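Inspection log for the structure reproduced underneath, given as structure tokens.
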Amino acid sequence: GNSVTQMEGPVTLSEEAFLTINCTYTATGYPSLFWYVQYPGEGLQLLLKATKADDKGSNKGFEATYRKETTSFHLEKGSVQVSDSAVYFCALSVKGSQGNLIFGKGTKLSVKP
Amino acid sequence: DAGITQSPRHKVTETGTPVTLRCHQTENHRYMYWYRQDPGHGLRLIHYSYGVKDTDKGEVSDGYSVSRSKTEDFLLTLESATSSQTSVYFCAITILNTIYFGEGSWLTVV
């Protein structure tokens with residue numbers, strides 16, 4: 001079946017530190033991959049996406065590369081800010097699934113000044 | 001802003017009572033979804049709709065029903081609420097093969 005595994009948190013970093021949140025997936029066919037971010041008390045916002053192998057999604061200084069050979073889509077940012085504190089969700093959708101998303105369990109990031 | 005409005009945003013209800021959550025969209029998008037979010041589980045699909053009167057079950061559909069009589073509205077009903085249905089409920093739509101979420105409805109069943 002289809003599934004997403006992401007690193008468990010919480011993750012605590014100092015401001016300007018490098019961030020990596022690992023995400024691996026299992027899927028039939030060729031999925032599209034997504035990172036969503038949820039700030040406290042809010043809904044999920046699309047952060048970035050990639051629809052085929054070797055694509056790189058990027059937004060707000062965050063990047064993730066679709067690696068088919070390692071079935072991974074790790075989220076990275078070179079220098080985090082306090083305002084990046086949130087919960088990050090990795091997700092996939094498979095063609096023909098009417099766009100239904102399969103989510104990882106989320107990783108809570110706290111950035112300290 | 002994906003033009004999704006959820007109501008109510010917060011509700012406390014008693015066990016055994018019926019509850020309906022409403023999702024309204026303004027852009028005539030075909031696909032609409034209801035997800036629930038629980039600690040340790042991420043988000044899980046309850047039901048989805050691919051058109052007026054066309055709905056299907058998701059991963060965690062037991063205890064829930066949905067209706068879509070108009071393109072713009074997708075209703076989620078808990079016929080008899082239980083404490084295990086205390087959760088945050090998110091409506092979503094698809095735009096160009098990407099899912100966008102509403103701001104959530106916090107439901108507490110006491």
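The values are calculated or read from the model by the stated rules, or taken from the named source; none is laboratory data. Only a predicted model underlies this, so the values are computations on that prediction, with no experimental measurement involved. Note that we place each Cβ from the backbone using ideal geometry, even for glycine, and neighbour counts take in every protein chain shown. Ligands, DNA and RNA are stripped out before the accessible areas are found, and what is left, the full protein with its side chains, is counted by its heavy atoms. Shrake-Rupley method; radii C 1.70, N 1.55, O 1.52, S 1.80 Å.
Things worth noting here:
- Any hit, region A:16-39, residues being modelled with pLDDT of 95 or more and acidic (Asp, Glu): yes
- Considering residues of region B:101-110 that are surrounded by 21 or more Cβ atoms within 10 Å (Cβ to Cβ) and within 14 Å of another protein chain (Cβ to nearest Cβ) only, the residue nearest to A:Ser93 (Cα to Cα): B:Phe101
- Selection from region B:1-22 of residues that are among the aliphatic types (A, V, I, L, M) and open to solvent by 80 Å² or more (accessible area, probe 1.4 Å): B:Val12
- Across region A:2-14, a minimum of one residue is classified as more than 30 Å from B:Ser105 (Cβ to Cβ) and surrounded by 16 or more Cβ atoms within 10 Å (Cβ to Cβ).
- Entry remark, region A:36-59: residues being within 12 Å of another protein chain (Cβ to nearest Cβ) and in a strand (DSSP E or B) number 11 in total.
- Residues that are free of Cβ contacts under 8 Å to residues at least 24 places away in the same chain and in contact with a strand residue (DSSP E or B) (Cβ under 7 Å, 6 or more places away or on another chain) within region B:6-53 comprise B:Gly42, B:Arg44, B:Leu45, B:Tyr48, B:Val52, B:Lys53, listed in sequence order.
- Annotation note: of A:Ala64, A:Ala86, the sole residue that is buried (at least 18 other Cβ atoms within 10 Å of the Cβ) and over 16 Å from A:Asn22 (Cβ atoms) is A:Ala86.
- Filter result (open to solvent by 30 Å² or more (accessible area, probe 1.4 Å), farther than 20 Å from B:Ser84 by Cβ and in contact with a Phe, Trp or Tyr (Cβ under 7 Å, 6 or more places away or on another chain)) within region B:32-54: B:Tyr50
- Total residues in region B:69-86, condition in contact with an Asp or Glu (Cβ under 9 Å, 6 or more places away or on another chain) and either acidic (Asp, Glu) or within 14 Å of chain A (Cβ to nearest Cβ) (or both): 1
- Subset of region B:55-93 [open to solvent by 40 Å² or more (accessible area, probe 1.4 Å), farther than 21 Å from B:Lys11 by Cβ and touching a residue at least 40 places away in the same chain (Cβ under 8 Å)]: B:Thr71, B:Glu72
- Checking each residue in region A:26-61 for being of a type in the set (Phe, Trp, Tyr) and open to solvent by 20 Å² or more (accessible area, probe 1.4 Å) picks out A:Tyr30, A:Tyr39.
- Residues of region A:89-112 satisfying the condition of being open to solvent by 10 Å² or more (accessible area, probe 1.4 Å), under 11 Å from the mean Cα position of the chain (by Cα) and among the hydrophobic types (A, V, I, L, M, F, W, C): A:Phe103
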